[in-house]
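One structure is given here, and the rest of the page talks about it.
The values are calculated or read from the model by the stated rules, or taken from the named source; none is laboratory data. None of these values were measured; they are calculated from a predicted model. Backbone-built Cβ (ideal geometry, glycine too); neighbour counts: all protein chains shown.
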Amino acid sequence: MAVFASLVVGADGSTTKDGNSRGIASGIDRSTFLARRRSADFLFIGGQTARTEPYHRTPVPVVVASRSMINALADNRLAHWWNLSPTAALAKGVKKFGGNVLVESGPSFIDDLLINKALDGIYLSITSITGGENQIDISSFLAKFVEVNRREIEGTEFIEARTRK
């Protein structure tokens with residue numbers, strides 16, 4: 001079983017621009033992201049991500065953990081909208097779909113999984129984009145992980161960080 005998050009941020013720590021992550025993603029980040037999600041047993045997101053990002057068509061099931069039961073993905077036959085905490089929804093998703101999970105949500109959702117020791121690591125992409133919203137401190141965020149590996153491709157820094165060695 002492997003539960004990894006995927007997050008893109010701008011150089012200034014922006015996690016969104018114009019309301020979603022597409023505004024801060026680079027071409028190489030987008031290609032890497034799309035390839036990674038096809039190999040997951042399921043995608044795992046929060047309600048806010050479901051409402052602001054394009055999840056109407058996904059290559060694998062998508063599980064939404066949300067306290068709001070306003071289902072923004074009713075048109076996606078692979079979507080499962082559960083009124084559960086992130087940790088409880090993750091456990092239910094693993095039982096139903098398998099343990100290879102890609103978390104595609106924002107920093108607070110990821111933090112909740114980290115606090116509950118339910119996350120094995122993160123794929124963090126840092127693009128050159130600046131001027132977005134919902135900034136995080138990248139250094140403080142990465143300090144939550146024990147092993148951090150970095151590489152750069154076409155101006156985007158790719159970081160794979162793990163919660164345990």
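Working only within segment 132-165, note down all residues that are assigned to a loop (DSSP other than H, G, I, E, B) and out of contact with any strand residue (DSSP E or B) (no Cβ under 7 Å at 6 or more places or on another chain).
Listed by number, the residues that qualify are Q135, D137, A143, K144, E154, G155, R164.
Which residues, counting only those in segment 18-55, are of a type in the set (D, E, K, R) and assigned to a loop (DSSP other than H, G, I, E, B)?
Residues satisfying the conditions are D18, D41, E53.
Output the residues belonging to segment 124-157 that are buried (at least 17 other Cβ atoms within 10 Å of the Cβ), closer than 19 Å to S21 by Cα and either touching a residue at least 40 places away in the same chain (Cβ under 8 Å) or under 16 Å from the mean Cα position of the chain (by Cα) (or both). So that I can check it myself, show each step before the final result.
Residues of segment 124-157 buried (at least 17 other Cβ atoms within 10 Å of the Cβ): 124-127, 129, 132, 136, 138, 141, 145, 156-157.
Now drop any that are not closer than 19 Å to S21 by Cα, which leaves 124-127, 129, 132, 136, 138, 141, 156-157.
Residues satisfying the conditions are L124, S125, I126, T127, I129, G132, I136, I138, F141, T156.
Quickly run through segment 1-28 and pick out the residues that are under 18 Å from V148 (Cα atoms) and either free of Cβ contacts under 8 Å to residues at least 24 places away in the same chain or within 13 Å of the chain's Cα centre (by Cα) (or both).
V3, F4, A5, S6, L7, V8, V9
Which one is farthest from S21 (Cα to Cα), of the residues in segment 49-98 that are touching a helix residue (DSSP H, G or I) at 6+ places or on another chain (Cβ under 9 Å) and of a type in the set (G, A, S)?
Residue satisfying both the conditions and the ranking: S85.
Kindly establish whether T58 is of a type in the set (S, T, Y), crowded, with 18+ Cβ neighbours inside 10 Å and outside any loop (DSSP other than H, G, I, E, B).
no
Which of the following residues is touching a Phe, Trp or Tyr at 6+ places or on another chain (Cβ under 6 Å), more than 23 Å from G131 (Cα to Cα) and of a type in the set (D, E, K, R): D75, D41?
D41
For segment 86-120, name all the residues that are buried (at least 20 other Cβ atoms within 10 Å of the Cβ) and either of a type in the set (G, A, S) or farther than 12 Å from V62 by Cα (or both).
P86, A89, G93, S105, G106, F109, I110, L113, L119
With respect to A74, is the statement that it is at pLDDT below 95 and of a type in the set (A, V, I, L, M) true?
Yes; evaluated as a whole, the condition is true for this residue.
Just to be sure before I move on: is L90 in a helix (DSSP H, G or I) and modelled with pLDDT of 95 or more in the structure I sent?
Details: in a helix (DSSP H, G or I): yes; modelled with pLDDT of 95 or more: yes.
Yes: the conditions hold for L90.
Working carefully through the options R37, R51, R67, find the one that is under 17 Å from S125 (Cβ atoms) and at pLDDT below 90.
R37
Can you pull out the residues in segment 140-163 that are out of contact with any Pro (no Cβ under 9 Å at 6 or more places or on another chain) and closer than 16 Å to I110 by Cβ?
S140, L142, A143, K144, F145, V146, V148, I159, E160, A161, R162, T163
For segment 94-115, what are the residues that are over 17 Å from K144 (Cα atoms) and part of a strand (DSSP E or B)?
Scanning segment 94-115 gives N100, V101, L102.
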